[in-house]
Amino acid sequence: MKTSGFVNGHRIRPSIQRLKWMRRGRGGRTQSGILIADCMIYIGLLFVIVSMGYVVFYRGWDNSVNLSRNAGQIARALTTGERWREDVRTATGPVRAEESNGDQFLHLPHGSGEITYRASQGAILRRANENSAWVEVLNRVKSSRMEPEARQKVTAWRWELELKTREPKRRFQPALTFEAVPVQRGVAAVADSR
């Protein structure tokens, strides 16, 4: 049944045949297409997966940077603590601690001079003698206490040090304790002569 009709001067029948060809494709097979709704769903899923990947990546990146920074700070604290222990062990006279204006000082006599440690405003400063300038040996300090600790025959010195953290929710609070005993020259000479 062939009908030919005209609508506004155009034939209807050839346009219908063209639509059938588009639906069927070559060889008579039907072609399937993707709807715009399917595309939007796939784009949304891709966006969610990529966003989660970025969140995981940057969280790992931040944790890596913080770990490196914290390891460096702890290494500096250990180096400073070992230097403090060496200074206490090699003191040639009585070690004394004092507080002044909220700062803590530890005076270690050495030969004709004196090495002084100062805990002030979140930093540890060291001065090699009375005429030299203060040198910052450790920063970002939360608390610091240098105190004598009486033992049976000697007086040991204990330095309790807590470092500041950059992250508010941190599982690990770096707190270190160093101990040293000033060498008593008379006792050391007797021990060496045996």
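Quick notes
- Annotation for segment 36-56: at least one member residue is at pLDDT below 90 and of a type in the set (A, V, I, L, M).
- Just one residue in the set Ser68, Ser132, Ser32 is modelled with pLDDT under 95, outside any helix (DSSP H, G or I), surrounded by 10 or more Cβ atoms within 10 Å (Cβ to Cβ) and of a type outside the set (D, E, K, R); that residue is Ser132.
- When segment 107-124 is filtered for residues that are farther than 18 Å from Glu147 by Cβ, within 31 Å of the chain's Cα centre (by Cα) and surrounded by 14 or more Cβ atoms within 10 Å (Cβ to Cβ), the ones remaining, listed by number, are Gly122, Ala123.
- Complete set of residues in segment 146-162 that are out of contact with any Ser or Thr (no Cβ under 9 Å at 6 or more places or on another chain) and either assigned to a loop (DSSP other than H, G, I, E, B) or modelled with pLDDT of 90 or more (or both): Met146, Glu147, Arg151, Gln152, Lys153, Val154, Ala156, Trp157
- Among the residues making up segment 59-93, those that are of a type in the set (S, T, N, Q) and touching a strand residue (DSSP E or B) at 6+ places or on another chain (Cβ under 7 Å) are Gln73, Thr80, Thr90, Thr92.
- Note on segment 163-186: residues that are in a loop (DSSP other than H, G, I, E, B), within 27 Å of the chain's Cα centre (by Cα) and at pLDDT 85 or above amount to 1.
- Scanning segment 100-118 for residues that are touching an Asp or Glu at 6+ places or on another chain (Cβ under 6 Å) and under 14 Å from Arg89 (Cα atoms) yields a total of 3.
- Residue match in segment 122-129 (condition: assigned to a helix (DSSP H, G or I) and not polar (S, T, N, Q)): no
- Residue ID - nearest to the chain's Cα centre (by Cα), chosen from residues in segment 78-106 that are part of a strand (DSSP E or B) and closer than 17 Å to Val183 by Cβ: Leu106
- Near pairs, Cβ below 9 angstrom, 6+ apart or cross-chain, from segment 132-145 (at positive phi) to any residue that is assigned to a strand (DSSP E or B): Arg140/Ala123; Arg140/Leu163
- Pair list, Cβ < 7 Å and 6+ apart or interchain, from segment 57-75 residues that are without any contact (Cβ under 8 Å) to a residue 12 or more places away in the chain to residues that are part of a helix (DSSP H, G or I): none
- In summary, Ala189 fulfils each of the numbered conditions (1) aliphatic (A, V, I, L, M); (2) out of contact with any Asp or Glu (no Cβ under 6 Å at 6 or more places or on another chain); (3) modelled with pLDDT of 90 or more with the single exception of condition (3).
The values are calculated or read from the model by the stated rules, or taken from the named source; none is laboratory data. Model, not experiment: these values are computed from the prediction. All Cβ positions, even for glycine, are placed from backbone atoms using ideal geometry, and neighbour counts span all protein chains on display.
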